[in-house]
1. Quick one: what are the phi-derived ³J(HN,Hα) couplings along region 14-22, Karplus 6.51/-1.76/1.60 with θ = phi - 60°, whole Hz, x for glycine and proline?
2. Return 316, 300 ranked ascending by Cβ neighbour count within 10 Å, so the fewest neighbours appear first.
3. Once amide H atoms are placed 1.01 Å from N in the peptide plane, what residues at a sequence separation of 5 or more from residue 220, or on another chain, have their amide H within under 5 Å of its amide H?
4. Quote to one decimal, in nm, the extra length available between residue 329 and residue 97 on full extension: 0.36 nm per residue of separation minus the C-alpha distance between them.
5. Can you compute the charge dipole magnitude of region 190-338 about its Cα centre, using +1 on each Lys and Arg Cβ and -1 on each Asp and Glu Cβ, nothing else charged? Give it in debye, rounded to the nearest 20.
6. Using 5 Å bins from zero, what percent of all Cα-Cα pairs in region 127-234 falls into each bin?
7. Nearest 0.05, what FRET efficiency do residue 49 and residue 237 give at R0 = 56 Å with Cβ-Cβ as r?
8. Given 100/166; 225/275; 7/166, which pairs have Cα atoms separated by over 18 Å?
Amino acid sequence: MVDVFYKIRNLHEAGVKIYLHCFEYGRGRPETMERYCEQVFYYRRKTGLAGLSLRLPYMMYSRRDDQLLYNLQSIDAPILFEGVHTTHYLSHPSLARRFKLMRNQNLEQEYYTHLADRERNPLKKMYYRVEALLLKGQEARLGAADVFLTVAEHDHHFFKRAYPEKQHAYVPSFQPYNDVTALPGKGSYALYHGNLGHPENIEAALFLLEEVCPHSTMPFVFAGKDPDEKVIAACERLPHCRLVANPEQSAMARLVAEAQAHLLPTFQATGLKLKLLHALFHGRHVIVNPEMVHGTGLSEVCHVAGDAAAFVSLLETLSNQPFDRESIDKRRALLLQRYNNRDNAARIMAFLQP
């Protein structure tokens, strides 16, 4: 959602007229979008049994709508499909002559396979495995796109190999940050932040709580949305670990800015984790594992730890090391070159020129 919103805003500011089609299911209709779009169309997602198919992934089949197809046919403009879940009509015969761009946030079949491997609930595990299988079966349909715009470098190489006859561009995530605002100096704690109810983040938090925190004397803060019971219990067992559940945006901003170090492991090398950009633009030292920076080009402004022992060692080294202006300038140079919204909007616009 962050990538999509800032992509729309920057394309609008660059003079692109946008007709936005989106499915709604409880998030409301923000008036902000009317400011950046010529017209906004809303459709109701077909959830539950109405979204199930034996052939198509639920994420795709539940986002079908006759009115959507009619509107796409009626507006003579290139079509940008935001994610595989929006591609139900990508290969529809009535759109065969239209110029179509496919924006891939990650390799969805791999992402759902990873979710299945980490899910403990049997029903959810089965859903993720079936969805991954159906997504794999839909790869051929994606060939109806003329252009592939990928978020991560490894995804860019994957789609270039899979569809060599198409046009391709690596366009990193659009994001809300215009400058590096990291504070120089030192903080007194290490931070992990994210949606603490998401399987991927639960695994990362438990890895830190079980294999890193017990071997470090530094205070830890775990902050995020809807923390899982396992995360809550693991935090309670360690006296130097504090859990901040569902913090307000301003409170989260303070936690990010004032931390001495951000520990951000992941065990799914898929797409780009926006919380990594958040930490790099607004935080001090950032310690990651190789999977977190895979395909992002950000390893040179992070401290990369290959295992739990390396996380502990780096944390102990950085706990008393002030974050200096030289580190801030190095980050600014890389981030504003690679994650520049205006430049990335121009990359997309290059494909829209007649």
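Bear in mind that the values in this text are calculations on the coordinates, not laboratory data. All figures in this text were calculated on a predicted structure; none of them were measured in a lab. Virtual Cβ from ideal backbone geometry, glycine too; neighbours counted across all protein chains shown.
1. Result, rounded to whole Hz: 8, x, 7, 8, 10, 10, 9, 10, 8.
2. 300, 316
3. Those qualifying (amide H under 5 Å, at least 5 residues apart or on another chain) are 190, 241, 242.
4. Here the answer is 78.8 nm.
5. 500 debye
6. Reading the bins upward from 0: 2, 9, 12, 11, 12, 14, 14, 11, 8, 5, 1.
7. Numbers: r = 42 Å, r/R0 = 0.75.
The value I calculate is 0.85.
8. 7/166
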